[in-house]
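The values are calculated or read from the model by the stated rules, or taken from the named source; none is laboratory data. None of the values given here were measured: they were computed from a predicted structure. Ideal geometry is used to build each Cβ from the backbone, glycine not excepted, and the neighbour counts take in all protein chains shown.
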Amino acid sequence: MSKVCFILPDVIGGCFVNCSNIYHKLVHSGNEALMILTHRNQRQGISESALRDINHLIVYHKDADNRSHLFQQLERLIKEFAPDTIILNDYIDHQLVRAVRFPQQVISILHGDYEYYYELAMDSAARIDKFVCVSESIKEGLSRRLPNRVTDINYIAPMTRDFAMKTKGAEDVLKVLFIGRMTEEKGFHLLPLIDEQLRKIGHQIKWTIVAATITDIYSKWLGGKNVTHHEIVINDQMQYLYDDNDVLILPSAAEGTPLVLLECMKAGLVPIMSDLPTISENILANGKTGFRIKTENVEGYVNAIVSLDKDRDLLTNISERALETARRSLGEEQLYNQWQSVMASQISGKDMNAEVRSPYDRLDKKWLPNPIVKWIRSIRQKK
């Protein structure tokens, strides 16, 4: 039995879903796990329902806090749990391992193909045993940046739940699903344009949109007769949502390996998404397990939807191949075995004595009370 401690900032997004699925698989396999959330007070409140079945602790902090005090608190909580492995996901936890030399195995997950994640990994590399990248291209990107650590860099697809799989074969109006944020980065602005083009050529489809409202500029479209809009759908209800749709659309400008893509393939939906280098051809093969469309190419998305709407045999065939790919390489058991292999490996290039970039500035002193540090930093911000 092993003990694993996850440190991450929030309960929203793919980072949390991936970690929570790994957490549950570990616990169900007889291990102990703890999730520590380093939550910034000024952000939206923590969803307790998402943490219902998770052993967790929440550490609230502010940007103006004395980080020395914050890291002491986190170090104490980790020591009390006494994990064998610590899993890093974001900014505070990478700063923590630069401040504290943890003797335990430390694993860093890179969730996106952004300089942000590469810099976190590179700044803390000497204190990290293993790196897990959620796509092959992210693994290649980190290997170029850390050529001396190539043997410690691994690719494991995000872990998603195994759904009751069934092939899609729509009988009436084609149903298209979008799950994501209402932002241009996620390509949300393209959805009304795609719908408009489909209407012009006489193709009526039904949309299901799952996205929190952060702007009212799409209100008219979301209120249309052929659009069903959900602000949020809890995990327990996702199976019903997948069962009620035929196609997943993800016109994002950037992604790691989207968990919703993997979940939908497991549920038999046909994915249509941006042709991004982080999405492996072994998962999403154009015309075989879904469609890869150039970013911002409205016509490309329209053509893919029309082809599936006109040819329901094509819809069924691609759905079957997507299911087979999910069964073969994306199952919970396969991914869990990969995680077990990484955690069991004794090979590591970690150098506990190497110098790393300091996470502190002049105010982050153990002897300085946190209220004074916050007051000084708040004064600075006002200036």
- prompt: Can you name the residue in segment 211-240 that is buried (at least 18 other Cβ atoms within 10 Å of the Cβ) and within 20 Å of the chain's Cα centre (by Cα) and, of all such residues, is nearest to K266 (Cα to Cα)?
  reply: M238
- request: From N370, N353, grab the single residue that is exposed (fewer than 11 other Cβ atoms within 10 Å of the Cβ) and modelled with pLDDT of 80 or more.
  value: N353
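Assess whether A170 counts as being surrounded by fewer than 16 Cβ atoms within 10 Å (Cβ to Cβ) and modelled with pLDDT under 95. Quick ask: steps written out before the conclusion?
On the way: surrounded by fewer than 16 Cβ atoms within 10 Å (Cβ to Cβ): no; modelled with pLDDT under 95: yes.
Here the answer is no, as A170 does not meet what is asked.
Being in a helix (DSSP H, G or I) and over 19 Å from I92 (Cα atoms) is the filter here; which residues of segment 353-376 pass it? Explain how you work it out, then say what you get.
Let us first name the residues in segment 353-376 that are in a helix (DSSP H, G or I), namely 370-376.
The answer is P371, I372, W375, I376.
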field: segment 24-45, subset within 18 Å of L77 (Cα to Cα) and crowded, with 16+ Cβ neighbours inside 10 Å, residue farthest from the chain's Cα centre (by Cα)
entry: E32
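How many residues are assigned to a helix (DSSP H, G or I), among the aliphatic types (A, V, I, L, M) and in contact with a strand residue (DSSP E or B) (Cβ under 7 Å, 6 or more places away or on another chain) when one looks only at segment 214-240? Give the derivation first.
Kept after step one, since they are assigned to a helix (DSSP H, G or I), are these residues of segment 214-240: 219-222, 235-240.
Pick out the ones that are also among the aliphatic types (A, V, I, L, M) and you get 222, 238.
Filter once more, keeping what is in contact with a strand residue (DSSP E or B) (Cβ under 7 Å, 6 or more places away or on another chain): 222.
Residues meeting the conditions: 1.
Being under 26 Å from A253 (Cβ atoms) and either in the same structural domain as Q104 (by TED's automatic domain parsing) or assigned to a helix (DSSP H, G or I) (or both): is that true of L314 here? Even if it seems obvious, please write down each step before you answer.
Numbers: under 26 Å from A253 (Cβ atoms): no; either in the same structural domain as Q104 (by TED's automatic domain parsing) or assigned to a helix (DSSP H, G or I) (or both): yes.
No: the conditions fail for L314.
Pick out the one residue from T208, T183, T160 that is surrounded by 15 or more Cβ atoms within 10 Å (Cβ to Cβ) and at pLDDT below 95.
Details: T208 fails: at pLDDT below 95; T183 fails: surrounded by 15 or more Cβ atoms within 10 Å (Cβ to Cβ).
Of the residues listed, the single one that is surrounded by 15 or more Cβ atoms within 10 Å (Cβ to Cβ) and at pLDDT below 95 is T160.
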- prompt: Any residue in segment 116-135 that is assigned by TED's automatic domain parsing to the domain that holds D84, under 30 Å from S307 (Cβ atoms) and either in contact with an Asp or Glu (Cβ under 6 Å, 6 or more places away or on another chain) or modelled with pLDDT of 90 or more (or both)?
  reply: yes
query: Since R40 meets every condition but one in (1) under 26 Å from K365 (Cβ atoms); (2) modelled with pLDDT of 90 or more, which condition does it not meet?
result: (2)
- prompt: Within segment 334-352, is there a residue that is among the charged types (D, E, K, R), without any contact (Cβ under 8 Å) to a residue 60 or more places away in the chain and assigned to a loop (DSSP other than H, G, I, E, B)?
  reply: no
statement: For segment 288-304, pairs from a residue that is over 20 Å from R321 (Cβ atoms) and assigned by TED's automatic domain parsing to the domain that holds L261 to a residue that is among the hydroxyl-bearing types (S, T, Y) and surrounded by 19 or more Cβ atoms within 10 Å (Cβ to Cβ), with Cβ under 7 Å and 6 or more apart or across chains, are T295/S274
